[in-house]
Every structure is written in C-alpha cells, then in structure tokens.
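The next block holds one structure in the form of structure tokens; read it before the comments.
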C-alpha cells in the first residue's frame, strides 16, 4: 500500500472493520463457554474497532532498521562489548533466537521509530482472532488485509516455531513441554493469551512453574535438598524441584482436566496456589542456598 493511500485511510476511513460478534465467536471456539464474553468485559480496550494502515515505505524502513540491528549484533566486537563482565550463563550461546522475538516500532510523521527489541512479544493468538474477524469496507482495505500466508495455518506455524527453537538449542530433542513463565501471571494484562496457548498446546494437563533466578551452589546442593524435602513433606499441593546437574530450583503445581473444561477459575486457582507457596517458602530456601540458615532453622522460621 502506498504511503499516501495509507495516510488517507488513517485520516478519513471511519468504517468499523472489526466484526465483534465474529471476534467473540473465534475467541470462544477453543475455550470454555463464557470465556470470550468475560474477556471482552474485563479488557474493553484490548481490541480496537479500527485498524491502522501502514504504507510500503514505512514497512521498508522498518525492514531496513531490523536488518541494520541484526548486522550490528552479529559483530564479534559488539558481542564482546555487551557481554563484558557477564557470567557464564549469560554468555552461553544456545543457538535459539526466541519464539515471538520481534521489533516494536512507533509510527509518526517522521516515519517508524524503533522503541524496543522484544524477546517475548505477546498477543499473537489474540491478533490472529482479530485478523480473522476483519470486515473490509472497500477494495483498498480488502487488499490491505491480504497476507502472504494462509491464516488458517498460522497456529501450525506457531507450533513449528517452538519445535525449531528446541532443535536449535538441543538438536534431536523431542518437544514435550512448554513452560509459560511470568513473575506475576495473575496480574499480567495478556493472561488471556496464556490461556489461549494452553488450549492451543492441546494438553489435558496444565502446570505452573516458578523458577528461582539463583542457582544452587554445588557445595550447598545436599543441604538445599534437605530443606526442599522438609518443605515438600508439608505441602498438600505443589512441590519444589531441583535440577541436580544445573542447580536450577523451581516450584511446580499442576492439574489434570481430562474430561472437563479448563476454566479461567481453574487457571487462577493454580496460579494463586503457586504464588502463595512461593510467598511462604522461597525466602527460606534462598537463605539455605546462601548458607545463612540451616534447613531446620529456615523452615521453623516460616512455619513457626
């Protein structure tokens, strides 16, 4: 689309192009009854009724900026400068690029401006439903909505990204689990996207993980395992786990919803359970990692 046509449509085209009934139906296809209506009520400004049109010149400028960034970040001198002083984990090159890795631009009279390199951009499944619910008002707008791929196959393309990323990081490994990670998932504005991905992944089981930033020092491993065993013994739901080789600690809780619907309430209950356990025991486990307290002292401190 030419820049002048995009500008004209942005200024003068006020036709409502989003079919909200179709959008609600599309969002609800794979979700429990009432989920889509609840989303529209809780996120009234999530979907805009009007599109923003982007001209070919702006698209080409964005492509040129992205190409320039990727040329620079591939330079050995740049990599060494950025990673100077970084720890081994940060320096580790996994080979993966990142699912939904993207570039965020703001559009203005001076053209597009890069504002963020986003390593975990959200909203893909929500936007997919939005794109399918468009109702072009004229031939020019219809051409603007044409995309160079079949939107019906986009979900398969998304799943392929996960498999390709795993193949880059761990050649030959089988994709069996995908972790959806957020520090405060219950407060995340795009939590509905998390729930859509749970449905897309097609599992009848859902797990929530909270992963510690700090790894267990090898010399503290046995002591931390004792602390975790003491904690897990008293938990009715959920458990702490340790990767013995890598030193990672995580808190996990899950549920099996085979034969029933995965409702937003079930997801919220699971997330809340993990958060509440974390609030009680994470600090105690960290104190054992840091050799500040013995396992018995740390657990007694939080359990009273």
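Only the coordinates and a few stated rules stand behind these numbers; no lab work does. Only a predicted model underlies this, so the values are computations on that prediction, with no experimental measurement involved. Glycine gets a Cβ as well: all are built from the backbone with ideal geometry, and neighbour counts include every protein chain shown.
Points worth noting:
- Note on the chain: with a GNM built from Cα contacts shorter than 10 Å, the maximum mean-square fluctuation among 83, 23, 50 falls on 83.
- Computed from Cα atoms, the angle from the helix 56-73 axis to the main principal axis of the chain rounds to 30 degrees.
- Calculated FRET efficiency for the pair residue 96/residue 197, C-beta based, R₀ 30 Å, to 0.05: 0.95
- On Cα atoms only, tilt of 154-169 relative to the major axis of the chain in degrees: 40
- Identified option (computed volume of the Cα convex hull per residue in Å³; candidates (1) 165; (2) 181; (3) 136): (2)
- Crossing angle, helix 264-289 versus the chain [Cα axis fit, 0-90 degrees, rounded to tens]: 50
- Taking each residue as 0.36 nm, the span from residue 48 to residue 169 lengthens on full extension beyond its C-alpha to C-alpha distance by 39.8 nm.
- Stretching the chain fully between residue 266 and residue 186 yields a gain of 27.6 nm (0.36 nm per residue, less the alpha carbon separation).
- For 39, 201, order by how many other beta-carbon atoms lie within 10 Å, fewest first: 201, 39
- Helix-derived mean residue ellipticity, 222 nm - over the chain, DSSP H n ≥ 4, -39500 (n - 2.57), to 500: -15000 deg cm²/dmol
- Full extension of the chain segment joining residue 159 with residue 213 gains 16.7 nm, where the gain is 0.36 nm per residue of separation less the Cα-Cα distance.
- Sites residue 145 and residue 294, calculated FRET efficiency, Cβ-Cβ separation with R0 51 Å, nearest 0.05: 0.20
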